[in-house]
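Engineer: Got a structure here, written out as structure tokens. Questions coming.
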Amino acid sequence: MAVSLVSLVEKDCKLEMISPVANLTGGNIVRVDPEKLDTQFKEFMKETIVATNVIVSIRVHKAIEFANVQNGVINGPQLVCDIGNATPNTELTFEYKLKKLELLKKIPNFDV
């Protein structure tokens, strides 16, 4: 079951504390303007789900590592993210970086 959150723009609602629930369950987080609540909420509710139980797996080269991962599980060169429901507007971004030189030197058959 996905948990989605709707919060008001410009209000301190501690999203950083509760947003992991939405992320872990595949829900959505929507910030709405109180003056436009009726139209924004209607738009939120009519968004078409194009896939359910979506899990994204990303694998990087052995000289690369993921950076600043907030949602997902890292297992060596692989990042697995449980997206949940996907809509045409669902996006997933991730960061990666070159491993430190000491680690690169330990990679078999990899010239530094």
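Engineer: Assess whether G84 counts as being outside the structural domain of L5 (by TED's automatic domain parsing), of a type outside the set (D, E) and touching a residue at least 40 places away in the same chain (Cβ under 8 Å).
Structural biologist: Yes; evaluated as a whole, the condition is true for this residue.
Engineer: For I74, are the conditions met, namely being of a type in the set (A, V, I, L, M, F, W, C) and either under 15 Å from the mean Cα position of the chain (by Cα) or at pLDDT below 75 (or both)?
Structural biologist: yes
Engineer: Residues that are of a type in the set (S, T, N, Q), in contact with a helix residue (DSSP H, G or I) (Cβ under 7 Å, 6 or more places away or on another chain) and surrounded by 12 or more Cβ atoms within 10 Å (Cβ to Cβ), at least 1 per element: which strands (runs of 3 or more DSSP E) completely within the chain meet that?
Structural biologist: Qualifying strands (runs of 3 or more DSSP E): 5-8.
The values are calculated or read from the model by the stated rules, or taken from the named source; none is laboratory data. Everything numeric in this text was worked out from a predicted model, so none of it was measured. Reconstructed Cβ throughout: ideal geometry from the backbone, glycine too, with neighbour counts over all protein chains shown.
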